[in-house]
1. Among (1) surrounded by fewer than 22 Cβ atoms within 10 Å (Cβ to Cβ); (2) closer than 24 Å to A:Ser184 by Cα, there is one condition A:Tyr126 misses while meeting the rest; what is its number?
2. Taking only region B:230-239 into account, find how many residues are surrounded by fewer than 24 Cβ atoms within 10 Å (Cβ to Cβ) and either aliphatic (A, V, I, L, M) or more than 14 Å from chain A (Cβ to nearest Cβ) (or both).
3. Starting from residues that are open to solvent by less than 10 Å² (accessible area, probe 1.4 Å) and among the hydrophobic types (A, V, I, L, M, F, W, C), keep the ones in region B:213-222 and report whichever is farthest from B:Arg33 (Cα to Cα).
4. Of the conditions (1) in contact with a Leu (Cβ under 9 Å, 6 or more places away or on another chain); (2) within 14 Å of chain B (Cβ to nearest Cβ); (3) polar (S, T, N, Q), A:Thr103 satisfies every one except a single condition; which number is it?
5. Take the conditions surrounded by 16 or more Cβ atoms within 10 Å (Cβ to Cβ) and within 30 Å of A:Thr89 (Cβ to Cβ) and apply them to A:Ala201. Does it pass?
6. Give the residues of region A:252-268 that are open to solvent by 30 Å² or more (accessible area, probe 1.4 Å) and either within 13 Å of A:Asp106 (Cβ to Cβ) or more than 12 Å from every other protein chain (Cβ to nearest Cβ) (or both), sorted by residue number.
7. Could you tell me whether B:Thr256 is touching a residue at least 24 places away in the same chain (Cβ under 8 Å) and closer than 19 Å to B:Arg172 by Cα?
8. Just wondering, is there one or more residues in region B:59-68 that are in contact (Cβ under 8 Å) with a residue 12 or more places away in the chain, surrounded by fewer than 19 Cβ atoms within 10 Å (Cβ to Cβ) and more than 23 Å from the chain's Cα centre (by Cα)?
Amino acid sequence: MKETFFTMGVDVGGSSVKAVLMEYGDTPRVVDKHTEKIRKRNPAVVADESIDYLLERNQLRYEEILYLASTGEGEMVQRKRGHFYSMTTHAKGAHFFFPDARTVVDIGAFHVKAMMLGPQGRVMNYKMTGQCASGSGQFVENISRYLGLAIDEVGQISLQADKPERPSGICAVLAETDVINMVSRGISAPNIIKGIHLSVAGRIVRLLTSLKAESPVILTGGMALNVGMVEAIQEVLKESKYDFEIRTHPDAIYAGAIGAALWGGYRHLKLLQKESLQNQTH
Amino acid sequence: MKSLEEILEYTSQLAFDLEFRHARDWKAEDPTRVLIGYLPIYFPREIVHAMNGLAVGIMGAGDRIQIIKGDAYYQSYICHMPRGIIELALNGNLDNFDGFIFPSICDVIRNLSGMFQILGKGKFVKYLDYPQNFLSHVGGEFYRAELMHVIQEIEKLNGVKLSPEKLNQSIRLYNRNRKLIEEIYTIRQDYPWRLSAVDLYHLLRAGLTLPVEMHNELLETVLIHIQEDIGEEMDKIKVVVSGAFCEQPPVGLIKTIEIAGCYIVDDDFMLGSRWIEGDVDDTSDDPVGALVDAYLSQSTFSSAVYDIENPKSQRLLELVRRRKADGIIFAAPSFCDPALLDRPTLQNACEEAGIRYISFQYHENTGQFKVIQEQVGAFSDSIKLWEDMPLEAS
């Protein structure tokens, strides 16, 4: 396949919309990307604005995008040709970053999903956290807000911890009460944040072990860029004597959108092929 | 001509009018008119129509009312639909009905007919036992006697005698109704985006509370609209939904299946309206006999019917092939014995034929669809993305 064409992936997450413009071909290439916080706005509108933003910045028209795919909570995105499920797209995105990926952990705002991959980025098995919010990115964001910290700085602050204090790992509500107690007991912000990271990391490691995960493990989603989180996962793995290689990628937050754009390209070619077969039959 | 949006807005209101206002107003126009309520799945409405009556489908209360009294009538291991219907009856929503038909589906419906009798609802309550023998001189005779019983009960109510001419005319109208519905399904098979599954559901469900003449007009108009190139195609798989013939899925569930990446190209939601395949003879001197013959030889397949000579698993596979569907979604109400007993047989047939499927259960008042959405979405992705990628190759 020598010709290339444009696809777009739009990942509507719990807290932000990620959009990726891709040039699809034998060697797909990310042309441009954009993240927009939802901030209590209508996610469909934010997604629509993100699409327009990328189109405008790259001087493209919507019609030039041959497959616009949504993922995550993106069913409400109006301008799209198809929708793929977040596990499918995160798996594909991780496989794009690291073709030897065997396991992917998508740490999203509301859920953590661990997936085992086949060689082509196909999801072979998965496990996800339950309904409780204490194992999710949103939980970390809430705690950082209580402590007056920006979410972007909690990773670095967590690295400064010398005596981390773990909260109750059972329930987000109880954990938040724990944090209030910690503050009144004078526990430092780095130690609280590190404790929170260790608590979430504990859940992730339990997911990995119950899935019988294999190395390398790729972290995707917004939390994958949080250095404190990555370090906490590595610490818990070490404590538990598990030997997994943990990898992240600078574009980890875009894994879902990249996966959607890649699968979109695949589907576009597939549909063309089907159409051509049908025309031959008729 | 009304716009498609106007019709769909009207039918969405009508489909879930649990006060049955339209039927009540229709009855009030003429003192000889009668309202006969019938439960899922099938009842030959032609008979009621020919006797100056309106057969109104009572499909349950869905997720539209809170069940308070109904729960006292049924154990926790019984499906949800009869609770809603008892609730409606006890709340007075069915007070304008003159009689009730309970087609034989399962023990729960039989018990519900008994409860209606004890509660004194309607002027007659008939448990209509459908034959499971398809020989004309055995099951046919039995079924004719059952229909004659209904005819006598209606005659007692309004004094209207059933004439062959009138019944043939009614059969003609219902033939038209079935044909129009089938034509809509045929268009949707190739262009499902022109009319969503939810809109189609409302359109058909509204038809259970309207005189057939009015419903035919609506169907004709919708048909004209969807023959046009409207809507925009999305990259979704095509599925047949099976198992939801009695207790109806909540509209949110139908919507969820569609937004999760599937076009529903056939289903058994409003199966009674599509029960007879093809036309019933409308020229017979014995139109009751024509209805009996149609039941014996032109019935669709369902878990409430045990036609050993014509296995339903084969008929389901045939339907999937005819609709060019990519897979089947087995969606059955919790505790629905007929649907859930049939499921393993149907699934085995799918596996042998290499047809992909998923299964889940619902209640008519299910409110959380996230898990179903994930399941349906993963099903859609697996067909779209890995249809040519065998598991071994991965």
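1. The failed condition is (2).
2. 3
3. Looking at residues that are open to solvent by less than 10 Å² (accessible area, probe 1.4 Å) and among the hydrophobic types (A, V, I, L, M, F, W, C), I get B:Val222.
4. Here A:Thr103 meets the rest and fails (2).
5. Yes: the conditions hold for A:Ala201.
6. Residue satisfying the conditions is A:Ile253 alone.
7. When the stated conditions are applied, B:Thr256 does not pass them.
8. yes
The values are calculated or read from the model by the stated rules, or taken from the named source; none is laboratory data. Since the model is a prediction, treat every value here as computed from it, not as a measurement. Ideal geometry is used to build each Cβ from the backbone, glycine not excepted, and the neighbour counts take in all protein chains shown. Each accessible area value is taken on the protein alone, full model and side chains, heavy atoms only, with ligands, DNA and RNA left out. Shrake-Rupley method; radii C 1.70, N 1.55, O 1.52, S 1.80 Å.
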